[in-house]
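Engineer: Here you go, one structure.
The values are calculated or read from the model by the stated rules, or taken from the named source; none is laboratory data. None of these values were measured; they are calculated from a predicted model. Glycine also receives a Cβ, built like all others from the backbone with ideal geometry; neighbour counts cover every protein chain displayed. To get the accessible areas, we keep the full protein, side chains included, count just its heavy atoms, and leave off ligands, DNA and RNA. Shrake-Rupley method; radii C 1.70, N 1.55, O 1.52, S 1.80 Å.
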Amino acid sequence: ELKRLDEAEASYNQAIVLKPDYAEARNNLGNTLQELGKLEESISSLITAIDLNPDYIEAWNNLYFPIQIIKSLGTYGKDYLSIIFNKAKFELSDTKLSLLKYKLNVGGQHSEYFFNEAVALLSANENTNIRNPEPLKNSLKSNDIFPQKVVSLLHFGRSGTGLLHSLIDNHSEVSTLPSIYFSEFFDGSTWEKITADGWTGMVDRFIESYPVLFDARASYPVPSIANRSIASLGLKEGMTTLGENRDEFLYVDKVLFRKKLICLMSRYDYVDPITFFKLVHVAYENTVNNYHNKTTIFYHIHNPDIHAKLNFVKSVPNSKWIMMVREPVQSCESWLRQPFERKDYINITARIRAMLFEIDNVIYHKQNSIGVRLEDLKERPRQTIPALCNWIGIKETESLYEMTAQGKKWWGDPASPDFAQDGMNPFGKITINRKLGSVFSENDQFVLRTLFYPFCVRFGYAEEKIEQFKIDLQAIRPMLDQMFDFEKKIVMETKADAEQFAKSGSYLYLRSGMIERWNTLNELQTYPNMIRPLKIN
């Protein structure tokens, strides 16, 4: 973390000499070697960590990065996977291996094959049913209890998902839990934690895992992507300053919720993650006195890890997906603002790359999915919201034009740079009219706009000029091998060694993604399977 990578490498190596089976040290050494640009050594160290502990999820996640870099840079050629995996003792049927292969092929021509393989292995290898040890008290079927339709909301950079969630909140036909507390609910480790004490302990384990749901002031961390966690999320999301006087906070009666959820579960022979998740919604709605035969669950899944996302796809194959989108370079710069201020280069590269590959994720091609432009929501709410209601299958109500959380007035996202000026106005336009340049120079913007060109045309952010695009595409190729202006700023302000910076794993990881996207555009002039825009009359 201090960027004293050579010293870190030496320390981890010494730890391994003292304790050769120390999987955590080998995992951390792998990360350090990746940042030093020693990619093959990084892979070897991470594979050893996994050999020592096959269930070491963090090492599996970390293994993706150096393999992705050498895959894109062509170090191993077409057989890179077999060469790497032959070094390890992996079971080829292991779901963790299938998830890794899927991640390595996102955006590629074989992505659908690896997606199907991963979902099939998750279904075959993960028995998540927990049986009720007691005789049933009531034989009600599941569709007598909870909503059948599920609509899932994801972000695209910083694109206004909090706004849309707050507008959907308090709709008479929709059940939605507050904030983004549950983005990792469908990760396997979450379910293992909730079910660790079997059926009788599930409700208490759930309550212990998500105290922020019951009191937004709670600091207990919420699981997030890549095994990270976010403390005080209710505070950060503005859930502790609600109501007309900003003196209310989200609160759910824990005792009453527990009683209602236990009662609901007693009607089932067994529950799996999606059944339990739906029952949580019903118990929540009944506890806050807001349940009116709701037909739809609105799930702000936001930015889930790949395991959580595919588990959700497996559990709810007929879910509808909404991606909030925004002019991509503006959205990207806004999303990078905080890590750029912190000079958090690893986070910066991960976010740019995530946006470049999210627009044609095979999941949205296979599922019923749409993109909703933040600009349309803010500039034409009276046309956009009815169109969205029609797509979801709910009626238009006036509550859809007010920002609320649990029915209480929500004042907007405190983390927004425009919060003081415009953040409390759901349809204010300062955000979408913000000028670029706080992170990206004109040259940086030119590269990104070219890589986002097909998406910009599809969503009306750019006119279709295919011949000029082809010229621009060739112009940016040599620029991908050079340092961007925002990277030069980081090097200068952190007084980093520019040569070592350009050899780092994060630097190479960003290039690997951009070059992969460039290759697709150079071959096809577009990204296959891009998400479709919402049709607005």
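Engineer: Applying a 10 Å radius around every beta-carbon, put 491-503, 228-240 in order of their mean neighbour count, most first.
Structural biologist: 228-240, 491-503
Engineer: Still on this structure: Return the lysines within reach of LYS366: Cα separation strictly under 16 angstrom, same-chain partners fewer than 8 residues apart disregarded; answer none if there are no such residues.
Structural biologist: LYS309, LYS314, LYS320
Engineer: I'd like the accessible area for SER315: 1.4 Å probe, protein heavy atoms, all chains in place, Å² to the nearest 10.
Structural biologist: 40 Å²
Engineer: Ok, one more. List the relative contact order of the chain as a percent without decimals, with contacts defined as Cα pairs under 8 Å and 6+ residues apart.
Structural biologist: 19 percent
Engineer: Counting heavy atoms of the protein chains only and a 1.4 Å probe, report the per residue accessible area for the chain as a whole number of Å².
Structural biologist: Result: 44 Å² of accessible area for each residue.
Engineer: Report the full-extension gain for the segment VAL17 to ASN537: residue separation times 0.36 nm, less the Cα-Cα distance, to one decimal in nm.
Structural biologist: Here the segment from VAL17 to ASN537 would lengthen by 180.5 nm.
Engineer: Okay, next question. Out of the total accessible area of the chain (probe 1.4 Å, heavy atoms of protein only), what percent is carbon and sulfur?
Structural biologist: Roughly 48 percent of what the probe reaches on the chain is carbon or sulfur.
Engineer: Before rounding to the nearest 500, sum -39500 (n - 2.57) across all DSSP H runs of length at least 4 in the chain and divide by the residue total; then give [θ] at 222 nm in deg cm²/dmol.
Structural biologist: -15000 deg cm²/dmol
Engineer: Here is a follow-up. In segment 18-75, with Lys and Arg counted as +1 and Asp and Glu as -1 at Cβ, which of these residues, ALA49, ALA23, ASN62, has the Cα nearest the positive end of the dipole, that is, farthest along it?
Structural biologist: About the Cα centre, the residue reaching furthest to the positive side is ASN62.
Engineer: Now a separate question. Please work out how much length the chain gains when fully extended from ARG228 to LYS488, using 0.36 nm per residue of separation minus the C-alpha to C-alpha distance, in nm with one decimal.
Structural biologist: Between ARG228 and LYS488, full extension yields an extra 90.8 nm.
Engineer: Then there's this: If you average the alpha carbon positions of segment 162-207 and of segment 309-349, how far apart do those two centres end up, in angstrom?
Structural biologist: 20 Å
Engineer: Just how large is the dipole of the chain about the Cα centre, in debye to the nearest 20, putting +1 at every Lys and Arg Cβ and -1 at every Asp and Glu Cβ?
Structural biologist: Roughly 880 debye for the chain.
Engineer: Okay, moving on. If you add up the charges near ARG382, with Lys and Arg at +1 and Asp and Glu at -1, over every other residue whose beta carbon is less than 12 angstrom from its beta carbon, what do you get?
Structural biologist: -2
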